[in-house]
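FYI, it's all coordinate maths here, none of it is from the lab. In this text the structure is predicted, and so the values were computed from the model without any measurement. With ideal geometry, Cβ positions are generated from the backbone for all residues, glycine too; neighbour counts draw on all protein chains shown.
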């Protein structure tokens with residue numbers, strides 16, 4: 001394999017990883033969930049359900065579980081009586097939240113410019 005082919009394969013492999021992560025974070029309810037956790041941490045299940053308008057308990061539970069598996073969210077059982085479960089962003093999740101805040105700034109900036117150009 002030539003150097004160029006090796007480089008192309010590295011780029012393709014990296015793109016696959018990026019695409020996989022992009023698909024994970026753009027699943028339904030992921031962005032609102034990360035935003036809701038970013039508002040105040042830790043948060044309990046019903047707090048999050050109240051913060052995210054329209055989400056079902058099933059969808060919230062599934063997204064929490066999936067995001068915990070990939071290291072975005074941390075689930076902590078607090079040994080009270082009765083026990084309670086709290087959710088928070090991991091350092092990886094906080095990094096993602098920061099990226100999403102920058103993306104939101106970009107959207108606000110360019111969305112307002114598009115309105116100017118559309119008229």
Practice problem: Note the angle between two axes, namely the Cα long axis of helix 91-118 and the longest principal axis of the Cα atoms of the chain, as a number of degrees from 0 to 90, rounded to the nearest 10. | Solution: 60 degrees
Quiz item: At what distance in nm do the modelled label points of residue 51 and residue 26 sit from each other, each positioned 7 Å from its Cα along Cα→Cβ?
Solution: 2.4 nm
Quiz item: What is the chain's relative contact order, in percent, from Cα pairs under 8 angstrom and six or more apart in sequence?
Solution: 21 percent
Quiz item: Can you sort 45, 103 by how many other beta carbons sit within 10 Å, fewest first?
Solution: 103, 45
Quiz item: How many nm separate the modelled label positions at residue 68 and residue 39, each set 7 Å beyond the Cα in the direction of the Cβ?
Solution: 2.2 nm
Quiz item: Which shape class, rounded, prolate or oblate, goes with the range 29-68 when its Cα gyration tensor gives a ≥ b ≥ c as root eigenvalues, a/c under 1.5 marks rounded, and past that a/b bigger than b/c marks prolate?
Solution: rounded
Quiz item: Sorting 99, 48 on the 10 Å Cβ count, fewest up front, what's the list?
Solution: 99, 48
Exercise. List 33, 89 from most exposed to least, where exposure is judged by having the fewest other Cβ atoms within 10 Å.
Key: 89, 33
Quiz item: What are the semi-axes of the equivalent ellipsoid of the range 3-118, taken as the square roots of 5 times the eigenvalues of the Cα gyration tensor, listed largest first and rounded to whole Å?
Solution: 31, 22, 12
Quiz item: With each run of n ≥ 4 DSSP H residues scored as -39500 (n - 2.57), what mean residue ellipticity at 222 nm is computed for the chain after dividing by its residue count and rounding to the nearest 500 deg cm²/dmol?
Solution: -22500 deg cm²/dmol
